[in-house]
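Structure first, then comments.
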Amino acid sequence: MAKDALIVVDVQNDFCPGGALAVEGGHEIIPIINKLIMRFDHVILTQDWHPGGHSSFASTHPGKAPFETVPMFYGNQTLWPDHCIQGSVGAEFHAELEWTKAELVIRKGFRHHIDSYSAFYENDRQTPTGLAGYLRDRGITNVTFAGLATDYCVAYSALDAVEHGFAADVLLDACRGINLGGSLAAMLGEMRKAGVTLV
Ligand code: VGL
Ligand code: ZN
C-alpha cells in the first residue's frame, strides 16, 4: 500500500447535481470514495480551478453555446458552461467528501488560455502539473483513480499515468461520466487499449 496512491478527481460542487456542469449521479460516488480514502496510505485530490472568463467557457466565445467545439492553438476544445471558478462555492469540494487526509491538491485549468483535463498535463499536452515528479519522488508506483468525470478528467489522467510508467486502475463504481457524443464508450476503449485496469 505504501507505493499506492488514490487520486480523487474533481469531486467539486459544480460537477454534482445542482452544479454548473453537473454529472448525473455525481454525488452517489462520495460514500464509496470516503471508504477508499480511509484505506489508502496516500490520497491526492485534483481540483478544477478556472479564472473567470476562461477560454474553455462558452460564454467567452461570442455566438458559441456550451458543448460546441472550437479550435484552440493546441487542437479542438469542447466549450463548457462557466464552472469551477477560483474561489467560488462551485469550485469547493463537495461537503460530504472526507478530504482532510489528502496530502496534495493538484489544481488545474488555471491558465486562461489552456484547459486541463488530465492531472498530469494541461490540454496542450506540454505543460506539466508536477504530479508525475511528485509521485516519483515519493516512490509511488501505482495510482488508483476515482471521481468525475469518467470520460474527461479521470480518463485523461489515467492515460497519462500509464504513459508516465505508473500502473493505473480506474474504479468505475467510484466514477460517473458526462457522455458527450459517445465519449464514455470511446474513452473506456482508449483506456483499455492503453493498459489502464478498469475495475
Ligand atoms: C471536467 C470538463 C471541464 C472534468 C473539467 O472534471 O471532467 N470536464 N472541466
Ligand atoms: Zn473545467
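The values are calculated or read from the model by the stated rules, or taken from the named source; none is laboratory data. All values reported here derive from a predicted model rather than from experimental measurement. Here the Cβ is made from the backbone with ideal geometry for all residues, glycine too, and neighbour counts use every protein chain on show. Ligands, DNA and RNA are excluded from the accessible area calculation, which covers all protein heavy atoms including side chains. Shrake-Rupley method; radii C 1.70, N 1.55, O 1.52, S 1.80 Å.
For this structure, a couple of remarks:
- So Q86, is it over 13 Å from the mean Cα position of the chain (by Cα), within 15 Å of ligand 1 (Cβ to nearest atom) and polar (S, T, N, Q): yes
- Residue check: P31 meets all listed conditions (1) touching a residue at least 24 places away in the same chain (Cβ under 8 Å); (2) away from ligand 2 (no atom under 16 Å from the Cβ); (3) over 20 Å from D173 (Cα atoms); (4) not acidic (D, E) but one, namely (3).
- Selection within region 3-33 - open to solvent by 60 Å² or more (accessible area, probe 1.4 Å), assigned to a loop (DSSP other than H, G, I, E, B) and in contact with a His (Cβ under 8 Å, 6 or more places away or on another chain): P17
- Residue in region 35-50 that is among the aliphatic types (A, V, I, L, M) and either modelled with pLDDT under 95 or open to solvent by 20 Å² or more (accessible area, probe 1.4 Å) (or both) present: yes
- Scan region 145-174 for residues that are in a strand (DSSP E or B) and in contact with a Gly (Cβ under 6 Å, 6 or more places away or on another chain) and the total you get is 1.
- Conditions (1) away from ligand 2 (no atom under 12 Å from the Cβ); (2) closer than 30 Å to K3 by Cβ: number failed by Y156: (1)
- Consider region 123-149 and keep the residues that are more than 15 Å from ligand 2 (Cβ to nearest atom) and open to solvent by less than 20 Å² (accessible area, probe 1.4 Å). The one that is nearest to I178 (Cα to Cα) is A146.
- Those residues of region 123-144 which are over 17 Å from V43 (Cβ atoms) and part of a helix (DSSP H, G or I), in sequence order: A132, G133, R136
- Every condition in (1) of a type in the set (A, V, I, L, M, F, W, C); (2) part of a strand (DSSP E or B); (3) within 16 Å of ligand 1 (Cβ to nearest atom); (4) open to solvent by less than 50 Å² (accessible area, probe 1.4 Å) holds for L188 except the one numbered (2).
- Candidates A119, A58, A146: the one that is out of contact with any Ser or Thr (no Cβ under 9 Å at 6 or more places or on another chain), within 14 Å of ligand 1 (Cβ to nearest atom) and under 15 Å from V8 (Cα atoms) is A146.
- Applying the set (1) open to solvent by less than 30 Å² (accessible area, probe 1.4 Å); (2) in contact with a Leu (Cβ under 8 Å, 6 or more places away or on another chain); (3) over 22 Å from F120 (Cα atoms) to H83 leaves exactly one unmet item: (3).
- From the list K108, K101, the one residue that fits, being within 17 Å of V11 (Cα to Cα) and crowded, with 18+ Cβ neighbours inside 10 Å, is K108.
- Listed here are the strands (runs of 3 or more DSSP E) enclosed by region 44-122 that have at least 2 residues being closer than 27 Å to P31 by Cα and more than 11 Å from ligand 2 (Cβ to nearest atom): 104-108.
- Filter pass, T150 being polar (S, T, N, Q) and touching a Cys at 6+ places or on another chain (Cβ under 6 Å): yes
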